[in-house]
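Q: Structure provided below as structure tokens; questions to follow.
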Amino acid sequence: MKRLLNNLRIPIALSAVVFAAVLAAPSANADEWNKRTILTVNEPIQIEDAVLQPGQYVLRLLDSQSDRHVVQIFNRRENHVIATILAIPAERLNPTGSTQFTFWETPAGTARAMRDWYYPGDLIGNEFTYPAHPYQLAVATPPPAPAPPAAAPAPAPAPAPEVEQPAPQNNEAEAAPPPEPAPAPPVEQAPPPAPAPAQLPKTASPYPLLGLSGMVLLGLGGLLRLRLLSTR
């Protein structure tokens, strides 16, 4: 019995290997068909219009018989399609045993733009196209962080309330206009001075007049004397 078991050990082991190979064949064939590749990103990169932040992603070809260059980008769990990209065939001279990615050279501070992707052992890969050279693309730069909301401008100070001046105590609705000044009385002009009496020219000497006066006085004296005598 022991010898029989020893003789069956080798066939059993071979059967187990064949069974494991049969189970693994569908998975291997599936990866060969859709070129499933895990992409680990340590810094932001650009694949056409898709910007991939640091993390793990899965690249696969769309299950299509007509076009074998439609690349789908999935999250690590492969339950969400991030982007579907129509690539063009790319060719290399020597195949490699591992996945190969090449990138365009971009300015410092911008996301690197993936140029092409080759699956292990393939001479034909997938090239990603851009409307211009990636260093001229604004989309090659990771989207900037949203700017903080601008501070609201300080409200303007309210104008000081106007103080109403008290209305003047006046029974009349409107102040009467001031009376017009009375016209000044006409200034009476002083009458012109009377002309000085004309002085008659002296024509004779005063001595005869003096003599006549003396005679009159003598006559009057005589009359007074006679009157006195008669009254006695």
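What follows is calculated from the coordinates using simple rules that are stated; it is not laboratory data. Just so you know, these numbers come straight off a predicted model, no measurement behind them. Please note: Cβ atoms are built from the backbone with ideal geometry, for glycine as well, and neighbour counts cover all protein chains shown.
Q: Quick one, what does Rg over Rh come out to for the range 36-140 if you take C-alpha atoms and the Kirkwood Rh? Don't jump to the answer; show the numbers that get you there.
A: Numbers: Rg = 13.4 Å, Rh = 14.2 Å.
Taking Rh as the inverse mean 1/r over Cα pairs, Rg/Rh reads 0.94.
Q: Let me ask another. Where Lys and Arg each count +1 and Asp and Glu each count -1, what net charge lies around Gly55 among other residues with Cβ under 13 Å from its Cβ?
A: +1
Q: Taking 0.36 nm per residue of separation and subtracting the Cα-Cα distance, what length does fully extending Ile82 through Leu217 add?
A: 31.7 nm
Q: How would you rank 108-117, 87-96, highest first, on the average number of other Cβ atoms within 10 Å across their residues?
A: Details: 108-117: 17.0, 87-96: 12.0.
Top of the packing list down: 108-117, 87-96.
Q: Figure the gain on full extension for Leu93 and Asp49 (residue separation times 0.36 nm, minus the Cα-Cα span) and round it to one decimal in nm.
A: Taking 0.36 nm per residue and subtracting the Cα distance, the gain is 13.0 nm.
Q: Okay, next question. If I stretch the segment between Leu224 and Ile38 completely, what's the gain in nm (0.36 nm per residue apart, minus their alpha carbon distance), one decimal?
A: 48.6 nm is the gain from fully extending Leu224 to Ile38.
Q: Let me ask something else. State to the nearest 20 debye the size of the charge dipole of the range 36-140 about its Cα centre, where the only charges are +1 on K and R beta carbons and -1 on D and E beta carbons. Before the final figure, lay out the partial values.
A: Working: 8 positive and 11 negative charges, 55 e Å.
Value, rounded to 20: 260 debye.
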